[in-house]
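Take a look at the structure below.
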Amino acid sequence: MSVWLRLLIAVAVATHGFVYVPFGLVVPGTLRGRAGPSLLLGHIAPAPVVRGAVPVLHVLAGIVFLLCGTAIALAPFAPDLWRPLAIIGSAIGLLAFATLWDGSRERAVEEGAIGAVASLCILAGAFALPGIFS
């Protein structure tokens, strides 16, 4: 893979991580007219626990994706580091979406569906292309 393509992917992954941080800190407080608590986790954990987990999970996913983007950029020095970071960041990012999404398809984009799809793409890439940056 060319260096420029690897760096472009690194910037895209790091930008995805950078977006997670402010999204998790700002957006949950601005959502109005929600259908209720988290559709996926609302019955497992109390609402205050789920609401408290939203910013923590988003910031954590953002940090891991920033580290993943850095690992991709520096892949010649640590070629296998990006993959576990991509898997962990994607898992945390999808869990972060699950804590926020209330099940409403109309509001899914506002609640982070685009980020969840991006995380799924990164996760798929980590499993389908394990040696791409070697």
**Report entry** Percent of C-alpha pairs per 10 Å bin, the stretch 3-128, short to long
**Finding:** 14, 44, 27, 12, 2
**Report entry** Inter-centroid distance (Cα atoms) of the stretch 118-133 relative to the stretch 45-103, Å
**Finding:** 14 Å
Query raised in the report: Using θ = phi - 60° and the Karplus form 6.51 cos²θ - 1.76 cosθ + 1.60, what ³J(HN,Hα) does each residue of the stretch 108-113 get, whole Hz, x for Gly and Pro?
Result: 4, 5, 4, 8, x, 5
Query - Mean Cα-pair separation over length for the chain, i.e. relative contact order, pairs under 8 Å, 6 or more apart, % - result: 33 percent
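Read-outs throughout are calculated quantities, based only on the coordinates presented, and are distinct from any laboratory measurement. Note that the coordinates shown come from a computational prediction; the quantities given were computed from them, not determined experimentally.
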